[in-house]
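Below is one structure, written out as structure tokens; the observations come after it.
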Amino acid sequence: MNILVIEDEHKVAQALKEGLEHENYNVDLAHTGEDGFFLLNSEQYDLLVLDLMLPGRDGIEILKTVRKKKLSLPVLILTARDTVEDRVLGLDSGADDYLVKPFAFPELLARIRVLLRRGRENQTFQLQCANLKMDLIKRKVKRGENDIILTLREFDLLKYLLRHQDQIVSREMLATDVWKETNRATPIDNLIDVHIARLRRKIDDPFEIKLLHTVRGVGFIISEESP
Ligand code: CA
């Protein structure tokens, strides 16, 4: 089980990591919302432990983005603020449970166990951007009610873009992570561009709202908003 802990207080974060690792969970730490967000997009986690008071992007903002992307992982928020409004805001923003600091470690463990059990039961394995939906189990893609038939490579390409939704993906990232091309002496930029064009014809051309955007000189981004 992989757990991501986003907590800016290094001492607290380290204590959480050590305690959870002692219970045989794999734990990654992020000390800022930005770092946490990056990890969420690049790794697979079974649970997110999220501190609400963070510098930069705060916990609520992260939570809202996670839910907007329909990431189904359970989220446990840690909050120093013990007001009803904060708890309600956290739960309304998509948290599954919360703990008020300071808390007893065994209680944290108990709640984590409950959330992980629940998470396994209703994991959907879906990625989504606007009305573009990808089912990772059935390997099906839909835009609204329309089925979209993709080749294996197009499917992997779209999956990668959706996992990095709202982030610019460079041709280099695609070459390494989708084409598994480590030898950059073989330029495959043209090949990537051809696949992007084909993907765009299928997922965007017939529809009014475009989701796959080219960022000139940088790469591509899948997003509801054009960059
Ligand atoms: Ca904090």
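The values are calculated or read from the model by the stated rules, or taken from the named source; none is laboratory data. No experiment lies behind these values; they were computed from the predicted model shown. Note: ideal-geometry Cβ built from the backbone for every residue, glycine included; neighbour counts use all protein chains shown. Just so you know, the surface numbers come from the protein's heavy atoms only, side chains and all, with ligands and any DNA or RNA stripped out. Shrake-Rupley method; radii C 1.70, N 1.55, O 1.52, S 1.80 Å.
Could you tell me which numbered condition ASP86 fails, if it satisfies all but one of (1) within 16 Å of the ligand (Cβ to nearest atom); (2) at pLDDT below 85; (3) open to solvent by 30 Å² or more (accessible area, probe 1.4 Å)?
Going through the list (1) within 16 Å of the ligand (Cβ to nearest atom); (2) at pLDDT below 85; (3) open to solvent by 30 Å² or more (accessible area, probe 1.4 Å), ASP86 breaks only (3).
Results for (1) of a type in the set (A, V, I, L, M, F, W, C); (2) out of contact with any Pro (no Cβ under 9 Å at 6 or more places or on another chain), shown as yes or no for each residue.
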| position | (1), (2) |
| --- | --- |
| ARG118 | no, no |
| CYS129 | yes, yes |
| LEU132 | yes, yes |
| LYS140 | no, yes |
| ASP147 | no, yes |
| LEU161 | yes, yes |
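Name the single residue that is farthest from the ligand (Cβ to nearest atom) among those in segment 42-59 being within 23 Å of PHE125 (Cα to Cα) and either surrounded by fewer than 15 Cβ atoms within 10 Å (Cβ to Cβ) or more than 15 Å from the chain's Cα centre (by Cα) (or both). Walk me through how you get there before you give the answer.
From segment 42-59, those within 23 Å of PHE125 (Cα to Cα) are 42-50; that's our starting set.
Next, from what is left, pick out any that are either surrounded by fewer than 15 Cβ atoms within 10 Å (Cβ to Cβ) or more than 15 Å from the chain's Cα centre (by Cα) (or both): 42-44.
Details: SER42: 23, GLU43: 22, GLN44: 25 Å.
Top of the filtered list is GLN44.
Among the helices (runs of 4 or more DSSP H) lying completely within segment 116-227, list those that include at least 3 residues that are under 21 Å from SER42 (Cβ atoms), open to solvent by 90 Å² or more (accessible area, probe 1.4 Å) and assigned by TED's automatic domain parsing to the domain that holds ASP96.
It comes to none.
Could you look through segment 4-26, keep only residues that are surrounded by 20 or more Cβ atoms within 10 Å (Cβ to Cβ) and aliphatic (A, V, I, L, M), and pick out the one that is farthest from the ligand (Cβ to nearest atom)? Walk me through it before giving the result.
Within segment 4-26, the first condition is being surrounded by 20 or more Cβ atoms within 10 Å (Cβ to Cβ), and the residues that meet it are 4-7, 16, 20.
Then keep just the ones that are aliphatic (A, V, I, L, M); that gives 4-6, 16, 20.
Details: LEU4: 15, VAL5: 12, ILE6: 9, LEU16: 12, LEU20: 18 Å.
That would be LEU20.
Any residue in segment 94-104 that is open to solvent by less than 50 Å² (accessible area, probe 1.4 Å), in a strand (DSSP E or B) and not acidic (Asp, Glu)?
yes
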